[in-house]
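The next block holds one structure in the form of C-alpha cells; read it before the comments.
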Amino acid sequence: MNAAEGALGGLRRGAEALLLAFALTGCFGNNATPFPDGLEPWEEPNAAVRAPATASDPCPETLTFANRRWIDPASGRNVLSVHARACIQAPVATVFQAARDPQTGRDPTTTQAFRVVGYDTETDYRWSYRTHVTANTTFAVTPEFDLMWRHDVVEGTEQQPLVTATRWQKTFGSDLLEVIEGSLVLGPAVEGADFTEVQYQYHLAAPTSNHQTVQDYLTVIFGRLRDRAHGVALSPDDCEGCPSAPSGY
C-alpha cells in the first residue's frame, strides 16, 4: 500500500457518522444531517458565525472565521484548525457544480503551478479527482504535493441537492507539509430564498504557517467559488495538459 492509499484508507476506517447542524432562520430550525463515511466534517458544530443579515442584504457573501486547534484522534497530531461560514446568493445546485470545478479549489496567490492529474480517482464517491500543486518557493526546496478531492450529495438528488459535502486532503508530496485537509458543506441558507450556506473546515500543519495562512487560503477559494457560481470568469482558469472533465462534472 502506498502513502496515498494509506492516508485515504485511514480516513475511511477512522471516520464515524457525525452530525452537522445548520443554523438557519425561520422554520428551518437546527437540522441534524448524517454524512456518509469519508465526507463528514471532523469537528461539530462549525464554530464560525455567519455575518448577520441586514435590511438590504438577507444573506451577506462575507466569509467569517473561528480559529481553533484540533487533535487528530488517529495520530494525536495537534494542528491548526479554522472554521468558516458565508452565504452565496445562488442555489445549492449551482454552487455545488462550481465546487466540483478543480479551479475553484486553486489558490494562485501561493502556488506557481497547478494541474489536474485525473478524474474519477475514488470510486466510492460520485465525483472525485486528484490535483498536483507546486507551492511558491519559501524554503530551500520547492514543496510539491497531490490533493485528492471527493464530492457527493448528502441530501436530495444529483439534480436538486439539498446538502452536499466535499473533502480534500494531501495524499502525497513534500514532508514539509505534514497535514493539509479541508471540508466544504453546502446547504440551504435562508428560508424563502434560494441561497446557499457555505461551511468550511481546514486543518494545516506546515512550517511558519498560522491561522492567518489558513484564513487567506479560504478567502481565496471562497472568492473563486462565489465568482464561479455567479458566472464570473476566474483568473487564472487554465490547466495546460490536464485531462478534460468527464460528463457530469
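Since every read-out is calculated from the coordinates, none of them should be taken as a lab result. These numbers come from a predicted model, not from an experiment. FYI the Cβ positions are ideal-geometry reconstructions off the backbone, even for glycines, and counts take in every protein chain you see.
Each residue of segment 187-199 was assigned a 3J(HN,Hα) from its phi angle through the Karplus expression (A = 6.51, B = -1.76, C = 1.60, θ = phi - 60°), giving x, x, 10, 9, 4, x, 9, 8, 10, 10, 8, 10, 10 Hz with x at Gly and Pro. Inter-label distance, Ala140 to Ala74: 3.1 nm, where each label sits 7 Å from its Cα along the C-beta direction.
Among the complete DSSP H segments of the chain, which ones combine at least 15 Å of alpha-carbon extent along their axis with a mean Kyte-Doolittle hydropathy of -0.5 or more? For the chain, where a helix must reach 15 Å along its axis and average at least -0.5, the hits are 3-14, 211-229. Length gained on full extension, Ser174 to Ser235, computed as 0.36 nm times the residue gap minus the Cα-Cα distance: 19.3 nm. Protection proxy ranking for 168-180, 87-99, using the average of other Cβ atoms within 10 Å per residue and placing the highest first: 87-99, 168-180. Only one of (1) 59, 38, 29; (2) 52, 39, 34; (3) 47, 42, 40 was calculated from the structure for Cα extents along the principal axes in Å, and its label is (2).
Helix content alone sets the calculated 222 nm mean residue ellipticity of the chain: runs of n ≥ 4 DSSP H residues at -39500 (n - 2.57) each, divided across all residues, give -5000 deg cm²/dmol. Using the Cβ-Cβ distance between Asn210 and Glu155 with R0 set to 25 Å, the FRET efficiency works out to roughly 0.10.
Taking 0.36 nm per residue of sequence separation and subtracting the Cα-Cα distance, how much length would be gained by fully extending the chain between Ala66 and Val117, in nm to one decimal?
15.1 nm
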